[in-house]
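A.B. asks: One structure is given below, represented as structure tokens, and several questions about it will come after.
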Amino acid sequence: AAASYRLDVDVSDDAQGVTIVAAEPDSALTLSTYAAPLSRQPGEPVTLRAELRDGDAPISGATVSARLFSPRGRAFDFVTLKDEGNGVYAATIADLPEHAAGAWQVRFDAEGATKNGVRFARTGSGELVAERGAARLGTPRIEVVGDMLRITAAAEMRIAGTYRFDVIVARDGQSLAWGEGARTLELGPATLSIDLPLASVGSLDNLFIDARLLGLDSVGVAGRTTLQTH
């Protein structure tokens, strides 16, 4: 019978866990979820987002919550997502509940009723990586040097080590040029630069420049910055 049921499971001390699968082969109701940013620097807010749809129709009025799990597996309090209309539910938290670098897991739970009054429950998941905050990158600068386009960014290094500076230049969503360079950086200020062929870029108008500093000793995004020219 169509209804909302609850299943409680007692897990013995030596058990690793329990997986419960609920199959609804004829249901068109879906829950889509994500957590952003995928690569998070210390101090960045976290956005939790879910979307409920019954086929093409959005579902409003549901109860949607999310729960964060640290890289060490610690679970934190539920966060209630706000119904923003059109089937979208979201919440923004100013900071993670603890400062732990690594992969954070997010579990989403949704329950409610369709416009036909059929009760439902759905779960979803998301993930983000909390970076160590090894560096802070300033806004990139561009200049033409001969037949090359030079992209430069100032960095404040908080953890010394070997890093790779990656730069992608795009226009209207299409990648035009890409370059990388690895070097060892000490604590304190540093200047990072990449030269790319000017011919591959053409005009300097309407360029999107994505610059990232990637850690090689401990793999991760140490810093990221972007620039949009006009």
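The values are calculated or read from the model by the stated rules, or taken from the named source; none is laboratory data. None of the values given here were measured: they were computed from a predicted structure. So basically every Cβ, Gly included, is an ideal-geometry build from the backbone, and we count neighbours across all protein chains shown. The accessibility values were calculated without ligands, DNA or RNA, using every heavy atom of the protein model including side chains. Shrake-Rupley method; radii C 1.70, N 1.55, O 1.52, S 1.80 Å.
A.B. asks: Find which of G61, P189, P97 sits farthest along the positive direction of the dipole of the chain, computed with +1 on the beta-carbon of Lys and Arg, -1 on that of Asp and Glu, about the Cα centre.
C.D. replies: P189
A.B. asks: If you place +1 on the Cβ of every Lys and Arg and -1 on the Cβ of every Asp and Glu, how big does the dipole about the Cα centre of the chain come out, in debye to the nearest 20?
C.D. replies: Values: 22 positive and 30 negative charges, 70 e Å.
Once rounded to the nearest 20, the dipole reads 340 debye.
A.B. asks: Comparing V46, V144, V21, which has the greatest mean-square fluctuation in the GNM of the chain with Cα pairs linked when under 10 Å apart?
C.D. replies: V21
A.B. asks: Let me ask something else. At 1.4 Å probe size, what's the solvent-accessible area of E127? Round to the nearest 10 Å².
C.D. replies: Rounded to the nearest 10, that gives 90 Å².
A.B. asks: Let me ask you something else. HN-Hα J couplings of segment 220-226 from phi, Karplus 6.51/-1.76/1.60, θ = phi - 60°, integer Hz, Gly and Pro as x?
C.D. replies: x, 8, 6, x, 8, 8, 9
A.B. asks: Can you give the accessible area per residue of the chain, in Å², using a 1.4 Å probe? If you can, show how the numbers build up before the last one.
C.D. replies: Values: 13490 Å² over 230 residues.
With all protein chains present, the chain gives 59 Å² per residue.
A.B. asks: Using helices alone, what [θ] at 222 nm do you get for the chain, with -39,500 (n - 2.57) per DSSP H run of 4 or more residues, divided over all residues and rounded to the nearest 500?
C.D. replies: Estimated from H runs of four or more residues: 0 deg cm²/dmol.
A.B. asks: Longest exposed-loop-site-free stretch of the chain, with trypsin sites (Lys or Arg not before Pro), DSSP loop and at most 15 other Cβ within 10 Å? Don't skip to the answer; put the middle values down first.
C.D. replies: Details: sites that count: R6, R72, R74, K115, R158.
Longest site-free region, per DSSP loop and neighbour criteria: 159-230.
A.B. asks: Non-local amide H neighbours of L29 (under 5 Å, H modeled in plane, Pro and chain starts lacking H): which ones?
C.D. replies: G55
A.B. asks: May I ask you to give the percent of accessible area on the chain that is carbon plus sulfur, with a probe radius of 1.4 Å?
C.D. replies: Looking at the chain in its full context, I get 49 percent from C and S.
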